[in-house]
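Q: Just passing along the structure, written as structure tokens.
Just so it is clear, none of the values below were taken in a lab; they were calculated from the coordinates. Bear in mind the structure is a predicted one, so any value in this text is a computation, not a measurement. In this analysis, Cβ positions are derived from the backbone assuming ideal geometry, glycine residues included, and neighbour counts consider all displayed protein chains.
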Amino acid sequence: MKNPMTDTISRLAIANSLAHWRYSLSTILIMGIGLLSIWMFRGYMLKVGDLYRDHFTVRSMFGEILIEPENADNDDKIGGITGNQQQSLQTFFAQDADSIEAVVRFLKVDGQITFGAENSLFDGLAYDITSGEKIRSEKWSWNAVAGRPLKAPGEIVLGRAMARLLACEFDSEHYLEPSDNGHAYIAKERPFTCGSNEGQVSVVTDKGQIRSQSMKVVGLMDVGFRDLDRTWMMMDIQDGQLLLKTNELSWISLKARGSSVKLLDDVRVYLAEHRLPLVATPWDKHRYTDLYRRTMGLLRVFEVFVLSILSGIVGISVFNLMSKIVSERRREIGLLRSVGFNSRKILRLFLTESIFTSILGLSIGAAASLGFANVANRLGILYKAGILSEPVPFAINPELSLFVSTALILGGVSIIASLTAVRKALRKTVIECLM
């Protein structure tokens, strides 16, 4: 059964909000703008984090877990995971196939590449082409800005900046375009030339032998980081092992089909039970992702700093505005008391008004935020982002949990400010309120 007094207070609250439309509009605007600014900034920072995470786990094919020798910090050692250890790991991969989506083998390769009179030192990787494409998924399966991705042994892909050093000719335009799951390259083979496109790749084995192989450059890629892009080369795992005359691997990357935490525990248990001198590390704890950790740590400090300032400004503005609105309606409070409204009913009235205007303001702010994010994500605006070698898309990820927490905080501040000011007015006598 409905309470008549509740209906009366609700109707009176709405009527008061309309009667004092200037005050209501001010509250709605500040609530909406506050939500928009905080939500949009946080959404942008989330997207930046997704961008860096996507680069390491997907584009760089780190997956979620890296398995490597215990002495892997020794960069002078070629390979590390022996043939017998690989066979043992294959047994585990077969047993746990339901938990593993992809397994990619990697071998670090460095040496010199020569195109006629042009030559350059390189640092690169040999990897399983098919499995690597599986980790990169449909979004980044095409990772070439010119030519095409690797498809078979005997082929290499160079970093774009390295290709310039070798006097390769290609269009320097960027080919990122919006897709269903973010921005990716247009899957189109674009022309380039590196002399005859046949390069001589030379390496030094761990026994001091110099080995060379003629390989065809089939594509150019953007590695993601400027310094790395100047020396980068990728090839098939067979070519890497043949050049270095080894069957060892530098590391193995795993992509989990379900929980990566459970898979990591299973791998570690298996390594311990079989006494394999290998370690399994989550991708974001690996030494190769130290740059990611330092970058994200800096971004978090910056984010907390800016969000603290935004929240403080918006919170103080809401509090001051609501206090001012209630204070200027002191005579109205006195009039209500004179016609029989007790303190509890007056508090309920102003509480209802505050909730009504807050909901309206937050709804407008949410609609504006979603609209702005949708437009920004569709425009495909590219900008330079720090150490990244290529422009990245400006995008916003409007997180629902942040909206809820921000809305609750702003709504709570508005209600507290309103009730505080009303309680202050209720301490005065009716005559003092009417004066």
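Q: Which residues in the stretch 400-428 have a backbone N closer than 15 Å to a point placed 7 Å from the Cα of Leu347 along the Cα-to-Cβ line?
A: Under cut-off, by backbone N: 415-428.
Q: Reachable lysines from Lys324, Cα under 20 Å, same-chain residues fewer than 8 places away excluded?
A: Candidates past the 8-residue exclusion: Lys424, Lys428.
Q: Label-point separation (nm) for Ser338 and Asp265, each offset 7 Å from Cα along Cα-to-Cβ?
A: My value for the distance between the label points is 7.1 nm.
Q: Next question. Taking the alpha-carbon centroid of each part, what is the distance from the stretch 111-140 to the stretch 205-260 in angstrom?
A: If we compute the Cα centre of each part, the gap is 6 Å.
Q: Tally Lys and Arg at +1 and Asp and Glu at -1 over the other residues with C-beta under 14 Å from the C-beta of Ser418: what net charge comes out?
A: Numbers: positive: Lys324, Arg329, Arg330, Arg348, Arg423, Lys424; negative: Glu328, Glu332, Glu353.
Net charge in that neighbourhood comes out at +3.
Q: Output the DSSP H helices from the chain with an along-axis C-alpha extent of no less than 20 Å and a mean Kyte-Doolittle hydropathy no less than -1.0.
A: Counting only whole DSSP H runs, the qualifying helices are 4-19, 21-54, 290-327, 343-379, 400-426.
Q: Apply 1/(1 + (r/R0)^6) to the Cβ-Cβ distance of Ile316 and Glu70, taking R0 = 45 Å, and write down the FRET efficiency to the nearest 0.05. Working shown, then result.
A: Numbers: r = 54 Å, r/R0 = 1.21.
Calculated transfer efficiency: 0.25.
Q: Mind pulling the per residue volume of the convex hull built on the Cα atoms of the stretch 63-285? Å³ is fine. Before the final figure, lay out the partial values.
A: Details: hull volume 28.1 nm³, N = 223.
Given the Cα convex hull of the stretch 63-285, per-residue volume reads 126 Å³.
Q: Take the stretch 264-336, compute every pairwise Cα distance, and split them into 10 Å bins from 0; I just need the percent in each bin.
A: 15, 19, 16, 14, 12, 10, 8, 4, 1
Q: So for the pair Leu379, Gln90, with labels modelled 7 Å out along Cα→Cβ, what separation do we get in nm?
A: Placing both labels 7 Å along Cα→Cβ, they lie 5.3 nm apart.
Q: Report the local net charge at Lys151: Lys and Arg +1, Asp and Glu -1, summed over other residues whose C-beta lies under 15 Å from its C-beta. Could the numbers behind the result be given before it?
A: Details: positive: Lys134, Arg136, Arg148, Lys216; negative: Asp128, Glu133, Glu155, Glu189, Asp236, Asp239.
Once positives and negatives cancel, what remains is -2.
Q: Can you say what percent of the DSSP beta bridges in the chain, counting only those with both residues inside, are antiparallel? Round to 5.
A: Numbers: 51 of 61 bridges.
Antiparallel bridges make up about 85 percent of those DSSP assigns within the chain.
Q: Mind listing P(r) for the chain? All alpha-carbon pairs, 20 Å bins, whole percents.
A: 21, 38, 22, 15, 4, 0
Q: Neighbouring Cβ atoms within 10 Å as the yardstick, rank Lys216, Lys108 fewest first. Intermediate results must be reported in sequence, preceding the final value.
A: On the way: Lys216 13, Lys108 19.
The order, fewest Cβ neighbours first, is Lys216, Lys108.
Q: Which pairs break 28 Å Cα to Cα here: Lys139/Lys216; Lys108/Lys255; Lys151/Lys384; Lys47/Lys255; Lys262/Lys285?
A: Long pairs (Cα-Cα over 28 Å): Lys151/Lys384.
Q: If you don't mind, there's one more thing I want to ask. With label points built 7 Å along Cα→Cβ from the Cα atoms of Lys216 and Leu121, find their separation and express it in nm.
A: Going from the Lys216 label point to the Leu121 one covers 3.1 nm.
Q: At a Förster distance of 45 Å, what's the computed FRET efficiency of Lys188 paired with Leu25, Cβ-Cβ distance as r, to 0.05? Display every interim value, and only then the final one.
A: Values: r = 51 Å, r/R0 = 1.14.
It comes to 0.30.
Q: Let me ask something else. Note down the net charge around Met296, summing +1 for each Lys or Arg and -1 for each Asp or Glu among other residues with Cβ under 9 Å from its Cβ.
A: Working: positive: Arg53, Arg293, Arg294, Arg300; negative: Asp284.
It works out to a net charge of +3.
Q: Under a GNM of the chain (C-alpha, springs under 10 Å), which listed residue has the highest mean-square fluctuation: Glu133, Glu70, Glu328?
A: Glu328
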